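First the structure, which I've put down as structure tokens, then a few questions once you've had a look.
The values are calculated or read from the model by the stated rules, or taken from the named source; none is laboratory data. The shown structure was predicted, so the numbers you read here are calculated from the model rather than taken from an experiment. Virtual Cβ from ideal backbone geometry, glycine too; neighbours counted across all protein chains shown.
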Amino acid sequence: MKIFITGASGMLGTDVVSKLKKEKLEVFATDLKPANKETSLLDVRELAEIEKAVKKTKPDYIFHLAAETNVDLCEEKPDHAFKTNTLGTENVALVCQKLNIPLLYISTAGVFWGDKNEPYNEFDLPRPANIYGHSKLQGEYAVMRLLSRYFILRAGWMVGGWAIDKKFVYKMVQQIKEGRKELKVVNDKIGSPTFTKDFANNLMSVINSGRYGLYHMTNKSTGSRYDIALKVVEFMGVKDKVKVKPISSSQFPLPAPRADSEMMSNYKLELLGLNNMPNWQESLKEYIASNKDK
């Protein structure tokens with residue numbers, strides 16, 4: 001199987017490419033900012049470029065991972081968010097439609113408002129709380145409208161890539177390494193951590209099932225930002241040296257509103273016996289143990 005990948009140099013893309021190559025699958029990697037010579041330059045906002053590259057490589061599948069994931073930037077520049085996340089996804093889907101290629105699209109827990117006390121499942125109606133969530137949801141609708149052979153996989157709070165990780169966990173690690181003795185972390189935002197390595201490891205079993213549709217794929221269990229920070233401190237071995245102080249998100253204002261809850265359950269994967277995602281605490285422990293001395 002030959003797989004064409006957009007966003008191959010990102011946090012998730014890096015682990016997906018690595019896993020696919022280990023499984024002896026042929027990969028054609030692309031990115032707006034290629035990280036290496038094996039990755040080709042591609043801007044998903046340019047329909048003609050995508051079609052040209054796909055026709056040249058003749059893939060069996062397209063994995064669309066490219067996205068603008070900076071939530072605050074999306075809020076400040078909505079045109080950029082919709083052009084990249086919505087129209088970029090529509091471009092990829094149009095090429096899939098024209099050339100009869102199945103598509104994998106990565107979406108987000110950000111499609112939900114956050115007022116549910118339990119984890120959201122695939123049958124809950126989406127209602128985003130910010131521009132990022134809206135732009136990704138409209139990408140989902142574009143895929144559903146244009147294609148019949150697709151997988152949409154919603155991920156939660158992404159963790160992975162260590163040095164290229166721009167998200168919460170690595171920010172905590174950086175502060176610890178800088179010698180911070182106190183970390184102020186919000187305790188009123190809850191979500192489902194999603195480790196890129198685990199996502200990549202479980203991906204092909206879902207694809208190979210042939211059961212097209214929409215799925216959630218996060219690590220098992222949920223937690224607040226505060227809960228995660230406590231575990232980061234513990235696994236970094238500085239529990240007695242660094243204090244984690246819980247604060248309200250109102251004390252840490254950001255350009256984009258955040259949902260109170262981005263908890264998700266992999267309900268459909270559970271029903272199908274395809275939920276092989278481990279608990280986030282186990283994965284965090286392994287993630288830090290294998291990277292903290294780098």
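Only helices (runs of 4 or more DSSP H) wholly contained in the stretch 11-108 count here; list those with 3 or more residues that are within 19 Å of the chain's Cα centre (by Cα) and not polar (S, T, N, Q).
Numbers: elements: 11-22, 47-57, 71-76, 78-81, 88-99.
So the answer is 11-22, 71-76, 88-99.
Would you check if there is a residue in the stretch 239-248 being among the hydroxyl-bearing types (Ser, Thr, Tyr) and surrounded by 15 or more Cβ atoms within 10 Å (Cβ to Cβ)?
Taking every residue of the stretch 239-248 in turn, none turns out to be among the hydroxyl-bearing types (Ser, Thr, Tyr) and surrounded by 15 or more Cβ atoms within 10 Å (Cβ to Cβ).
Right, something else. Just to be sure before I move on: is SER135 at pLDDT 95 or above, hydroxyl-bearing (Ser, Thr, Tyr) and surrounded by fewer than 18 Cβ atoms within 10 Å (Cβ to Cβ) in the structure I sent? Walk me through how you get there before you give the answer.
Details: at pLDDT 95 or above: yes; hydroxyl-bearing (Ser, Thr, Tyr): yes; surrounded by fewer than 18 Cβ atoms within 10 Å (Cβ to Cβ): no.
Criteria not met by SER135.
Restricting attention to the stretch 138-175, which residues are out of contact with any Lys or Arg (no Cβ under 8 Å at 6 or more places or on another chain), of a type in the set (A, V, I, L, M, F, W, C) and either closer than 28 Å to VAL95 by Cα or at pLDDT 95 or above (or both)?
Residues satisfying the conditions are ALA142, VAL143, MET144, LEU146, LEU147, PHE151, ILE152, LEU153, ALA155, VAL169, MET172.
Which of the residues spanning the stretch 148-171 are part of a loop (DSSP other than H, G, I, E, B) and crowded, with 20+ Cβ neighbours inside 10 Å? Spell out the reasoning first.
Step one: list which residues in the stretch 148-171 are part of a loop (DSSP other than H, G, I, E, B), which gives 148-149, 156, 160-161, 165-167.
GLY156, GLY160, GLY161 - these are the residues of the stretch 148-171 that are part of a loop (DSSP other than H, G, I, E, B) and crowded, with 20+ Cβ neighbours inside 10 Å.
It is to be established whether one or more residues within the stretch 122-129 are in contact with a Phe, Trp or Tyr (Cβ under 9 Å, 6 or more places away or on another chain), under 20 Å from ARG258 (Cα atoms) and crowded, with 23+ Cβ neighbours inside 10 Å.
no
Which condition number does ASP198 fail, the rest of (1) closer than 30 Å to VAL232 by Cα; (2) outside any helix (DSSP H, G or I); (3) charged (D, E, K, R) being met?
For ASP198, the failing item is (2).
Hey, another quick one. Filtering the stretch 172-186 down to residues that are over 22 Å from the mean Cα position of the chain (by Cα) and outside any helix (DSSP H, G or I), which residue is surrounded by the most Cβ atoms within 10 Å (Cβ to Cβ)? Can you show your working first?
Initial filter on the stretch 172-186 (over 22 Å from the mean Cα position of the chain (by Cα)): 175-184.
Now narrow it down to the ones that are outside any helix (DSSP H, G or I): 178-184.
Numbers: GLU178: 7, GLY179: 8, ARG180: 15, LYS181: 10, GLU182: 10, LEU183: 19, LYS184: 15.
Here the residue is LEU183.
Is it the case that TYR215 is in contact with a Leu (Cβ under 6 Å, 6 or more places away or on another chain), surrounded by 17 or more Cβ atoms within 10 Å (Cβ to Cβ) and of a type outside the set (A, V, I, L, M)? Give the derivation first.
Working: in contact with a Leu (Cβ under 6 Å, 6 or more places away or on another chain): yes; surrounded by 17 or more Cβ atoms within 10 Å (Cβ to Cβ): yes; of a type outside the set (A, V, I, L, M): yes.
Criteria met by TYR215.
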